[in-house]
1. So which aspartates and glutamates can residue 273 reach, going by Cα to Cα under 15 Å and dropping same-chain residues fewer than 8 places off?
2. Hey, rough spin-label estimate for residue 4 and residue 133, points 7 angstrom out along Cα→Cβ, what's it come to in nanometres?
3. Please give me the summed charge of the neighbours of residue 290: other residues whose Cβ is under 10 Å from its Cβ, Lys and Arg +1, Asp and Glu -1.
4. Sorted by mean Cβ packing within 10 Å, highest first, what order do the peptides 71-84, 4-17 take?
5. Give a residue-ordered list of calculated ³J(HN,Hα) values for the range 244-250 (Karplus: 6.51 cos²θ - 1.76 cosθ + 1.60, θ = phi - 60°; whole Hz; x for Gly, Pro).
6. Number of Lys pairs in the range 1-156 with C-alpha atoms less than 15 angstrom apart, excluding same-chain neighbours closer than eight positions?
7. Can you list the aspartates and glutamates whose alpha carbon is less than 14 Å from that of residue 354, not counting same-chain residues fewer than 8 positions off?
8. Considering only 126, 30, 232, whose Cα is most displaced toward the positive end of the charge dipole of the chain, charges sitting on Cβ of Lys, Arg (+1) and Asp, Glu (-1)?
Amino acid sequence: KNTTNGAYDGERLHMLYLDEAGKWEKPANINEAWRIQKTCLVVGKKIVGKAMVGSTVNPLDKGGIEFKTIDLDSNPRERNANGRTISGLYSLFIPAYEALEGFFDQYGNCVHNDPEEPIIGVDGEIIEMGSKTFLSNERASLKGRHAELNEVIRQYPWTRQEAFRDSIDTSLFNVGRIYDQIDHNNNLFPNPIVRGNFVWRVPEKEVEFVPSENGRFKITWHPAVENRNKFIDNRDGRYPPNGHVGVGGVDSYDLDQTVDGRGSKGALHLYNKFNMLDNCPSNSFILEYASRPELASIFYEDVLMAAFYYGYPILIENNKYGIARYFEQRGYINYLMDRPQHLTPKGTKSTKTKGIPSSSNDIIQSHAQAIEAFIYDHVGENENTGTIGNMYFNDTLEDWIGYRIDKRTKFDLTISSGLCLLAAQKVKIKKEESTDFSKSKFFRRYKPKSFHQ
């Protein structure tokens, strides 16, 4: 039937095949269509039919994001109490080099590595190179031509991440540089990222990082032991002492649970400013966190422990003030930054409210510009020096790719990373020229020369 959401509504099906499901464009929606049509394959608890939902993937704003959602909901390792995935499907990714036409031998096996001797293909033609070499040659020929290379990678992906690459034309940022960085990160060994959680080793005095494969934090750098867990105690509470080294940014939430149980995640980044310290990376993100614990207070405590461990101040959005109340109750309100001076409009009265307004158009634009500038300076390959950036968090990089400024609330990691960069900015405020002419010097003064008779 035609590609419509309710094409098979109410029918009982033995086999359903949805072709090019990653290319369904509005008004068709593969998420809505599958929600309706999968009921045709199930009667009560009985599965009476099967489905195949396959595709290469369109750009994210042309059906790709909906297909990606189904893929994420089809992880066979994540099942409900009935033993089924959220979608009811099992996700399967086949690399392009495993199924490239022209590289199948006469027995139906794909020749992906270069054969020692020529092989007769299923079509009777000779195969002298493997599919991997062929695809690598195609990619190598387009190096430096980001748009064309990106399309080749999207159409012939080697990994699931490549399959869901977005089109360069639809992204707000320089996708070519971002994908250069992702490719570099994927080939790093050993991986600089360590997962784990923070815990109080000594309450209110010492936080410890405990590595764990399922940890909520991803970290690439720790401060020297003598610089961890430091704080300044004043009458009005504790202060972070290492704001000259780094800062943090948080995209928070206030509700413990959402109606559908799938609300946005809480996100945190820590960022090191430019510095000349030994063994301390400059202009670099050093921590990433994206999780939604059952209670918002658990998220707040995670943020607090990370800020305490590093001694960094944190910038928040002031429309979600639950985290500020939590920090205040715990005696750490001074770990949250006031609105930076360079992001405060002239004539605005000072306020005790922590953070910056997320609805301000000036802030939204400054936020995007900060990320854009960071990508230009520190992400991907530098054409002048040939060096590669040190942004190692692929989840954040991919979040930047999909970022839409008109739908910014869906991009938790983009929000928190941009807040980091805004917090790290140091902008000199120009002094207004004085209009008090009584203090102005209109005449040039000269020192008298000495005379010798």
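The values are calculated or read from the model by the stated rules, or taken from the named source; none is laboratory data. For clarity, every value in this text was computed on a predicted model and none was experimentally measured. Because the Cβ atoms are built from the backbone with ideal geometry, glycine has one as well, and the counts that use them run over all protein chains shown. Heads up: the accessible areas ignore ligands, DNA and RNA and are worked out on the full protein's heavy atoms, side chains in. Shrake-Rupley method; radii C 1.70, N 1.55, O 1.52, S 1.80 Å.
1. The reachable aspartates and glutamates, counting only those whose Cα sits under 15 Å from residue 273, are 377.
2. 5.2
3. On the way: positive: 216, 218, 265, 292; negative: 251, 288, 395, 399, 412.
Overall, the nearby charge balance is -1.
4. Values: 71-84: 11.5, 4-17: 13.4.
Highest-to-lowest ranking by the protection proxy: 4-17, 71-84.
5. 6, 9, x, 9, x, x, 10
6. Working: 23/62; 23/68; 26/62; 38/46; 38/50.
Value for the range 1-156: 5.
7. The reachable aspartates and glutamates, counting only those whose Cα sits under 14 Å from residue 354, are 251, 317, 328, 338.
8. Farthest along the dipole direction, towards plus: 232.
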